[in-house]
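Following: one structure in structure tokens, then a few remarks.
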Amino acid sequence: MSENVPLVQTQSQDPDQGHDHDHEALTSPLLPHYQRASNSTSQLAIVGVNVCPIESLDYEIAENDFYKQDWRAREKIQNFQYIFMKWLLCFLIGCTVSVVGFCNNLAVENIAGVKFVITSNMMLTGRYEMAFLVFFLSNLVLALFAAIITTFISPAAAGSGIPEVKAYLNGVDAPGIISLRTLVVKIIGSISAVSSSLLVGKAGPMMHIGACIASLLGQGGSRRYGLTWKWIRFFKNDRDRRDLVTCGSAAGIAAAFRAPVGGVLWTSGLLWRAFFTTAVVAIILRALIDVCLSGKCGLFGKGGLIMFDVYSANISYHMADVPPILLLGVVGGILGSLYNFLLDKVLRVYAIINKKSVTYKIFIACTISIFTSCLLFGLPWLASCQPCPLDSTEDCPTIGRSGNYKKFQCPPGHYNDLASLIFNTNDDAIRNLFSKNTDAEFQHSTMLIFFVTCFILSIISYGVVAPAGLFVPVIVTGASYGRFVGMLFSSHTNLNHGLFAVLGAASFLGGSMRMTVSLCVIILELTNNLLLLPMIMIVLLVSKTVADAFNGNIYDLIMKAKGFPYLEAHVEPYMRQLTVADVVTGPLQVCHGNEKVGNIVHILKTTNHQGFPVIDEPPHSESPVLYGLILRAHLITLLKKRVFLRTPVRIGADAFRHFSADEFAKKGLGNVDKIEDIKLTEEEMEMFLDLHPFTNASPYTVVETMSLAKASTLFREVGLRHLLVIPKRTTGSPVVGILTRHDFMPEHVLGLHPLLVNSKWKPLRIALPRFLKIF
């Protein structure tokens, strides 16, 4: 609990009091107190693949006297600059993310395309062993390169990045998740990993890339590189940076899927600015795609940007088609929850292995790459060759380039249907599965083999030490399952197999990721057909409802496995039976309004806490009173400036003369001041600091009898880092303690009250939040 202030322990009632049972039932609390000396929930989390200390972000504005004076001194032009810069930065984020996303996709398609062309040309001449060697070595080198740069340069870039971004937007600050180093490794590593034929996607990394770009643009400049434009200084706080990261993540989703509306719904906050950002992305991508359509983008004319224009004709469906669709949703929900369960277990195993040494991390990546290459090259040999259809609208067989009819080892006039899916890029495999008028293209055995292969490979590939997304693997796995179901029901429905593939992808996404509205819009934008809306809605709702009965969505499971203290929107039911006094722990460290410098230095050196209550006591006040809350960073700034007083008196207006607003602004990444860097003399240690002008005099406070559920809702909705607990009676100390993010974690609460684990509330504790999420 690195930002937690240890709290005063509340007194538990004596269990041996001599009261009769009726009176005890009326007067004793519902739950006995089993409190610890301190909050023992984890202060560490797995960021990427490394274990790192975590903090919380300061979304609350510290409304101290200095802040108020700074705002009063601002002119109207400065307020205009602030608003103008908000929209300008959103425009710059949209431009940058769209260009990066386009280049990312273009690089993947051309690198993978060259690999498949060379391999296919060798197979045409009968050099199968040499073709396998080229395919195997190219995949191994690309995967090894991605693993090495991720391991040694930025371990935080491993994985999709979506759990880390979600945790950041929830208020969790982990080192390196949105740094420049992470951005560079995420871009290069994603290109390399996806090009290596690992069954990983680039949509999740693209969202992380958008968040990194937004964070770097909102850093407020850099003195090292001379980027200290005055207008940008307004964004040197966590609140504005969070808003920019939200817009950046929306832009990343929009760039990955060419789905601007889906990107906005994914973030669900800052509607207008996020919508503006994704609109910029859509316009620039459209312009860049027009360049590619002229044949200037290498092997693949569309630059690999996902857009499956598979249904331009009207779609007719009837009531008889509803039962197969419902079955698709039910089975998709079951498979999605099974997928989440297995992926969670595999990631936990990988985490144990990754702790051993760097060698193990790279060894796992190489092993998965070798296994994948052998499967992708070997499985098509099990499929029988099919004669080319006479009414095909494209070349058959397809040699070297993308297409529905891969020749592989087949004689002229024949194609290998399994190679058309496996021996291809993920995007082209999805296009083949979604394509219409191809009901006779694939065999039942081909679909089943491809589904099982994708299901297994996507699970074991995600944990490698490289940037790897889940969206595209889940889509391709769900599409293969949906098309297989469509083939089974072909005699009982008028819907074609390509439509079943779309619905299968929707059901698997709903069963795994559970974000129904945003996923629905993304799928509609992917397929470019609004007529699919009713069926996609039904499939998503059914699959999500079924899957919620088994476990949580995949990103929540990953965040929990990584140890991020993520605050859910719905509180646990047992929190309504507890008060905030039931979870505070102690003892409490406080500062006085006029505090001795030596005391401040001692507190900062002996604790890692990030906030301290400030109280006034006689003779400065009639009785002990809570003045407010001061942050650790602000105390260090005051010590660095050395504006000390020889007597404990108010500094008054001189505070505004000695300090500027920039000195109290949030520092950039890696520029945090430390108390160990400040050297003070013995004389200075005996002096005093007046903390009043720099203390947040209006912090959020709750009375100690407030229910923990209400406090948790307040903490999450407002985006707090510290929540002060004050006594119900004014006698004694003016503050009972401080609640932070870790105090609301189930691990902490259940650790203090272990009887809740096996209490009658457990079934309700598990079922109710999942039921509420449905609505």
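The values are calculated or read from the model by the stated rules, or taken from the named source; none is laboratory data. Here the structure is a predicted model, which means the values were calculated and not measured. Reconstructed Cβ throughout: ideal geometry from the backbone, glycine too, with neighbour counts over all protein chains shown. When the accessible area is computed, the model is the full protein with side chains, heavy atoms only, and any ligands, DNA or RNA have been set aside. Shrake-Rupley method; radii C 1.70, N 1.55, O 1.52, S 1.80 Å.
Some observations on this one:
- Residue tally, condition part of a loop (DSSP other than H, G, I, E, B) and β-branched (Val, Ile, Thr), over the range 505-555: 0
- Filter pass, Thr119 being buried (at least 17 other Cβ atoms within 10 Å of the Cβ), at pLDDT below 90 and assigned to a helix (DSSP H, G or I): yes
- Qualifying residue in the range 700-716 (condition: closer than 28 Å to Arg642 by Cα and either surrounded by fewer than 17 Cβ atoms within 10 Å (Cβ to Cβ) or modelled with pLDDT of 90 or more (or both)): no
- Neighbours by Cβ (under 8 Å, 6+ apart or cross-chain): first from the range 164-176, over 14 Å from Arg741 (Cα atoms); second open to solvent by 20 Å² or more (accessible area, probe 1.4 Å) and hydroxyl-bearing (Ser, Thr, Tyr): Lys166/Tyr566
- Residue count, the range 717-738 (criterion: exposed (fewer than 15 other Cβ atoms within 10 Å of the Cβ) and part of a strand (DSSP E or B)): 0
- Residues being outside any helix (DSSP H, G or I) and open to solvent by less than 60 Å² (accessible area, probe 1.4 Å) - total across the range 54-77: 10
- Among the residues making up the range 376-385, those that are open to solvent by 40 Å² or more (accessible area, probe 1.4 Å) and in contact (Cβ under 8 Å) with a residue 40 or more places away in the chain are Leu382, Ser384.
- Flag if Ala107 is within 30 Å of Gln409 (Cβ to Cβ) and buried (at least 20 other Cβ atoms within 10 Å of the Cβ): yes
- Looking only at the range 671-699, and only at residues there that are open to solvent by 40 Å² or more (accessible area, probe 1.4 Å) and touching a helix residue (DSSP H, G or I) at 6+ places or on another chain (Cβ under 6 Å), the one that is nearest to Phe612 (Cα to Cα): Asp673
- If you go through the range 159-177 and keep only what is in a loop (DSSP other than H, G, I, E, B) and crowded, with 24+ Cβ neighbours inside 10 Å, you end up with Ser160, Gly161, Ile177.
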